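What follows is a set of notes on a single structure, which appears directly below.
Read the figures in this text as sums done on the coordinates, not as results from a lab. All values reported here derive from a predicted model rather than from experimental measurement. For neighbour counting, all protein chains shown are included, and Cβ atoms are generated from backbone atoms with ideal geometry for every residue, glycine included.
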Amino acid sequence: MFLRKRAKNETPNGDEIIFMAAPDRIGYDATGRKVNNDFPKIVKHYRDFELNSDSYLSDTSPLHNEPVLVFAVKRSQINGRIDVAYSSPDFRVLRERIKGGRFPIAHLGEICESMESGFAAGGDNQAFDDIVGIPHIRPLNITSKGDMILEGTKYVPRANLPQRQLLTAGEVLFNNTNSAIWVGKTCVFPGGYEAACSNHITRIKVQSEKVLPEYLAGFLNLLRNLGFFQVLSTKFNNQAGVNIETLSMVLLPLPPISAQQEMITKMEKSRSEARQLYAQADELVNQAKARFEAALLGA
């Protein structure tokens, strides 16, 4: 970050141009081994920026094809975040595409009845079976494809658990804390059994007249696959997280409910076909392993 003190006659304004850069290499790696250093190139760009700042504004500037991400944004575009990744051309274009789509848009918080996190449950607060306990849904229970799995589920005691901490059918479960690449994994709780969830899961209850849970989950998973939440998240202690305030400001397109249902039907059909193909692939792998073992061991 390059800083200078404002002159007495300077005041912040929306047209003020801010220089941004993201170095990949800083002269050495995590082991101390010397590698290339991007800072001299960034400093050179900053000197050029001081002479002609407008040339760094265009999203189509040749500068964006360089190995080092160097660009500029106007103060009015940063939305209160001096964040290189958030303001990067690709991420900015994605946000503009959402805004400029053919459907109305809304902030996530505007179409929700409630958004809240689950609760933590360490070893002393866990149950050891489903006789006295209920599933405590955690990030590992949400797959990268947006499915909920119960293998390896931890349990929490059902006794004395407040009713408000129990999940209800149709709640959208958003993985709010994880490695950056996994933040944003989302599924819909199907209901049919009692369960609760960890504080690393945000529970979203939607306004059903505006958005269907499966549509919202599909859209959030799409954003994660595009790297949206890697950029949006706050990094800390080798983890990343998206808090409720930030999540509530995410924009999403709102097609009519009938159109959402049509999208869900098509999506579920594709996912069902994909599951069948994965199962067939696993079976072929198992058959190949069996043949290899038979040939190797003479069985």
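Worth pointing out:
- Compactness index (Cα Rg / 2.2 N^0.38 Å), the chain: 1.26
- In sequence order, calculated HN-Hα J values of the stretch 207-217 (Karplus, 6.51, -1.76, 1.60; Hz; x Gly/Pro): 7, 5, 6, 10, 8, 8, x, 5, 5, 4, 4
- Over 28 Å between alpha carbons, listed pairs Lys5/Lys44; Lys205/Lys235; Lys235/Lys269: Lys235/Lys269
- log₁₀ of I(q)/I(0) at q = 0.19 Å⁻¹ - the stretch 1-156, Debye sum with one point per alpha carbon: -1.17
- Whole-Hz Karplus values for the stretch 185-194 come out as 4, 9, 9, 10, 6, x, x, x, 7, 7 Hz, taken residue by residue from phi with 6.51 cos²θ - 1.76 cosθ + 1.60 and θ = phi - 60°; glycine and proline positions read x.
- Rg(Cα)/(2.2 N^0.38 Å) for the stretch 105-255, N = residue count: 1.01
- Sequence ranges 109-120, 8-19, ranked by mean other-Cβ count within 10 angstrom, highest first: 109-120, 8-19
- Within-15-Å neighbourhood charge of Asn176 [Cβ basis; K, R +1; D, E -1]: +2
- For Lys74, the aspartates and glutamates whose Cα falls under 18 Å of its own Cα, not counting residues fewer than eight places away in the same chain, are Glu10, Asp15, Glu16, Asp48, Glu50, Asp54, Asp59, Asp83, Asp90, Glu96.
- The shape of the stretch 187-281 can be summarised by an equivalent ellipsoid whose semi-axes, obtained from the alpha carbon gyration tensor, come to 24, 19, 16 Å from longest to shortest.
- Where N is the number of residues in the stretch 17-99, Cα Rg divided by 2.2 N^0.38 Å: 1.18
- Phi angles across the stretch 74-84 convert, under the Karplus curve 6.51 cos²θ - 1.76 cosθ + 1.60 with θ = phi - 60°, into 3J(HN,Hα) values of 7, 4, 5, 9, 8, 6, x, 10, 8, 9, 4 Hz, Gly and Pro given as x.
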